[in-house]
Amino acid sequence: MSRVDFYVLSQDVGDARLRVACRLAEKAYQQGKRVYLQTSSFAETQRLDDLLWTFSDGSFLPHEVAGDGDPSHERVMILIGERIAPATHRQLLVNLTDTLPAPVTDYERVAEIVDTDPERKRLSRERYKAYREQGCELESHNI
């Protein structure tokens, strides 16, 4: 059974969603977990790629943008992309899209980041219900 954590943001500040995604990736990386940051667009992939270099002073997260094949090296722990996560990076999925990952059971953990946008909140509630219907273990965190 997959665990799904919803991180609910209280303020809409610039790149808050992407910065939370970076922090989640950093924590998972420190725990030796493989991470996939699934974005909704190429522009979002590029912005997240840039942020992973600069989001925290003194911190760099080794990563790469996912291509058609496997990562360039087995030590690449963090991938970013718009496609479904490769089988090698399914310990943590940070879902930055408005859709449910399919099949959710392929992932150990899924992180959903809910910002203050009313439409995104509505779509997040729908995903929450869908995860619950699939028997996922659900947690919410207000940040």
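The values are calculated or read from the model by the stated rules, or taken from the named source; none is laboratory data. Just so it is clear, the structure is predicted and the values come from calculations on it, not from any experiment. Backbone-built Cβ (ideal geometry, glycine too); neighbour counts: all protein chains shown.
List of remarks:
- Subset of the stretch 36-58 [outside any helix (DSSP H, G or I), of a type in the set (A, V, I, L, M, F, W, C) and farther than 15 Å from ILE113 by Cα]: PHE55
- Scanning the stretch 85-136 for residues being exposed (fewer than 15 other Cβ atoms within 10 Å of the Cβ), under 19 Å from LYS33 (Cα atoms) and either modelled with pLDDT of 95 or more or of a type in the set (D, E, K, R) (or both) gives a total of 2.
- Within the stretch 7-34, the residues that satisfy the criterion of being of a type outside the set (Gly, Ala, Ser), surrounded by fewer than 14 Cβ atoms within 10 Å (Cβ to Cβ) and at pLDDT 90 or above are LYS27, GLN30, GLN31.
- GLY69 vs. criteria modelled with pLDDT of 90 or more and either in a loop (DSSP other than H, G, I, E, B) or among the aromatic types (Phe, Trp, Tyr) (or both): no
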